[in-house]
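The values are calculated or read from the model by the stated rules, or taken from the named source; none is laboratory data. Treat the numbers as computed from the prediction; the structure is a model and nothing was measured. Note that we place each Cβ from the backbone using ideal geometry, even for glycine, and neighbour counts take in every protein chain shown. Just so you know, the surface numbers come from the protein's heavy atoms only, side chains and all, with ligands and any DNA or RNA stripped out. Shrake-Rupley method; radii C 1.70, N 1.55, O 1.52, S 1.80 Å.
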Amino acid sequence: QVHLVESGGGLVQAGGSLRLSCAASETMFSINAMGWFRQSPGKQRELVATITSRGNTNYAVSVKARFTISRDNAKNTVYLQMNSLKPEDTAVYYCRYSDSLGDYWGQGTQVTVSS
């Protein structure tokens, strides 16, 4: 069983920044993909950003140029640097670890952006 623990959420004013972290218990972390997703009340969970084992990244159009996903394989940790935050970025943010057996999710961390 893979355990993921997110941290770094909070309340920030529009235009501000936050850095989310997701620490994984999985020792095979370095060879598998990681991703950040978010879910707002009444909406489906949506992809924010993903990063492959080689460091290739992919972003949702709505966050491109504002958010940066990165990973530190030595620490089994993936990060999401969020800049120029907007009220519409308010959501619970989840990290996801994917391997050949399936997808694993963290418990989520709340990000609230005030206008």
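Residues in the stretch 33-53 that are in a loop (DSSP other than H, G, I, E, B) and of a type outside the set (D, E, K, R) were compared, and the one that is least open to solvent (accessible area, probe 1.4 Å) is Ser40.
In this entry, Ser30 is excluded by the filter for residues that are under 21 Å from Ala91 (Cβ atoms), hydroxyl-bearing (Ser, Thr, Tyr) and either open to solvent by less than 40 Å² (accessible area, probe 1.4 Å) or not in a strand (DSSP E or B) (or both).
Pairing each residue of the stretch 21-38 that is on the phi < 0 side of the Ramachandran plot and at pLDDT 75 or above with any residue that is surrounded by fewer than 18 Cβ atoms within 10 Å (Cβ to Cβ) and aliphatic (A, V, I, L, M), provided the two are 6+ apart or on different chains, yields C-beta distances under 6 Å for Ala23/Val5; Phe37/Leu47.
In the stretch 87-115, how many are of a type outside the set (Ser, Thr, Tyr), open to solvent by 20 Å² or more (accessible area, probe 1.4 Å) and more than 12 Å from Leu18 (Cβ to Cβ)?
Pass one, the stretch 87-115, residues of a type outside the set (Ser, Thr, Tyr): 87-89, 91-92, 95-96, 99, 101-103, 105-108, 110-111, 113.
From the residues that got through so far, the ones that are open to solvent by 20 Å² or more (accessible area, probe 1.4 Å) too are 87-88, 92, 96, 99, 101-103, 105, 107, 110.
So of that shortlist, the ones also more than 12 Å from Leu18 (Cβ to Cβ) come out as 87-88, 92, 96, 99, 101-103, 105, 107.
So the answer is 10.
Taking Leu11, is it in a strand (DSSP E or B), open to solvent by 50 Å² or more (accessible area, probe 1.4 Å) and in contact (Cβ under 8 Å) with a residue 40 or more places away in the chain?
Values: in a strand (DSSP E or B): yes; open to solvent by 50 Å² or more (accessible area, probe 1.4 Å): yes; in contact (Cβ under 8 Å) with a residue 40 or more places away in the chain: yes.
Judged against the criteria, Leu11 is a match.
Filtering the stretch 1-20 to residues that are under 11 Å from the mean Cα position of the chain (by Cα) and on the phi > 0 side of the Ramachandran plot leaves only Gly8. The residues of the stretch 54-77 that are open to solvent by 70 Å² or more (accessible area, probe 1.4 Å) and either in a loop (DSSP other than H, G, I, E, B) or on the phi > 0 side of the Ramachandran plot (or both), listed by number, are Arg54, Asn56, Val61, Lys64, Ala65.
If I filter the stretch 96-106 for residues that are free of Cβ contacts under 8 Å to residues at least 24 places away in the same chain and small (Gly, Ala, Ser), do I get at least one hit? Give the derivation first.
First, the residues of the stretch 96-106 that are free of Cβ contacts under 8 Å to residues at least 24 places away in the same chain: 100-103.
Now restrict to residues that are small (Gly, Ala, Ser): 100, 102.
Yes - at least one qualifying residue is present in the stretch 96-106.
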